[in-house]
Structures are given as structure tokens and as C-alpha cells.
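The values are calculated or read from the model by the stated rules, or taken from the named source; none is laboratory data. Quick caveat, the model's predicted, so the values are computed rather than measured. Just so you know, the surface numbers come from the protein's heavy atoms only, side chains and all, with ligands and any DNA or RNA stripped out. Shrake-Rupley method; radii C 1.70, N 1.55, O 1.52, S 1.80 Å.
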Amino acid sequence: MSRKAVRPRSAKPPPISEPMLSPLQRIAGAAAFGAGGIGCAWWGFHDIAVVTRALSAKAPQIETQSAMPGLPLMGLAFVAIGMLFLLPAALNTKFRLIQERLAIGILISLVVGAVLSLAGSAIMNAVMDTYDYHRCAVKHGRRMTFATWAAPGVRCVPEEVDP
């Protein structure tokens, strides 16, 4: 039986190997995460802006979706993941610490965004109740819930059914 050689504690750590992905693969990964993240964040910011404008204009009916509060944060986290693809491999301890802290920040923002998306129905209910809107209709999709709200004193208009 052979014994493995034990490295003394004072020895230097092993060198960091070359990254597994080619530069072209890293650029493609960054572009994919960047495009998806920008789309997700834009969707969330846009929908929040539309609902905010509708509330300030006292619109008679407003449609909301449950994932709206978490979409911008998750989208920005996806963009940050894409940017990590473009960073070179950490060659020293200080740069590695920066990358690790950045990765932890990204994970935290993804978790917070997911929690906000999951709690989106409760958040949207609280916002609409604050403005005294009442719920007219709720459609349950595979990933999100869509709710139609009517302003105080406005009757709910039945939705047209697609043929």
C-alpha cells in the first residue's frame, strides 16, 4: 500500500488552473445572462411604472401580476452573473475575495428577488388595498397570478372571452 504525500502547511497553495471555458464561450454566456437579465429587469421596472402611473392617475381598472415586485432585482442579479463570466480567473487572494463577495451578493439578491416574487400577491394586495381598489377577477397562470382591480365606486367590467 502506498501512502499519499502530505503537503506541509507552510507550502504554497497549488496554482490555479486555466478556466474551463474558452473566451468565446465566456462571451456567449455573458451575453445570454445579460440579455435575459436585462429583459427580466425591464419587464419588472416597466410593469411597476405602469401600475404606479395608473394609481396616480386614479385609473378605473388596473391589472397586476404577482411576480412584479421581484422581477427587477432578479433581472439585475442575472446581469451580474453574466458579468462574472467576463472577469478573468482570480490570480491572487484579494481578487478571489472580491469575486466571492460579489457572488454572495448576487445570491442574496436572487433570493430576495425570489421571495419578493413569491410574496408578490400579498404585496400587490396591500398596495391596492391602500388605494381602496377592489379585486374584480383573478387569473391563475402556470407561473404567475394576474389580478384585475377596480377603483373605488367603479363596477367591475366583465372580461371578454376569447373565441
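With one equal scatterer per alpha carbon and no solvent term, the Debye-computed log10 I(q)/I(0) for the stretch 60-128 at 0.13, 0.15, 0.22 1/Å reads -0.49, -0.58, -0.88. Would you calculate, for the chain, the mean residue ellipticity at 222 nm contributed by helices, counting each DSSP H stretch of 4 or more residues as -39,500 (n - 2.57) and dividing by all residues, to the nearest 500? Mean residue ellipticity, 222 nm, calculated: -18500 deg cm²/dmol.
For ILE48 and ALA31, the difference between the fully extended length at 0.36 nm per residue and the C-alpha to C-alpha distance is 3.6 nm. Considering only the Cα atoms of the chain, their convex hull presents on average a projected area of 17.1 nm². The residues ARG101, ARG96, sorted by heavy-atom accessible surface at 1.4 Å with ligands and nucleic acids left out, run ARG101, ARG96 from largest to smallest. 3J(HN,Hα) along the stretch 141-147: x, 6, 10, 9, 10, 10, 10 Hz, from the Karplus curve 6.51 cos²θ - 1.76 cosθ + 1.60 with θ = phi - 60°, whole Hz, x for Gly and Pro.
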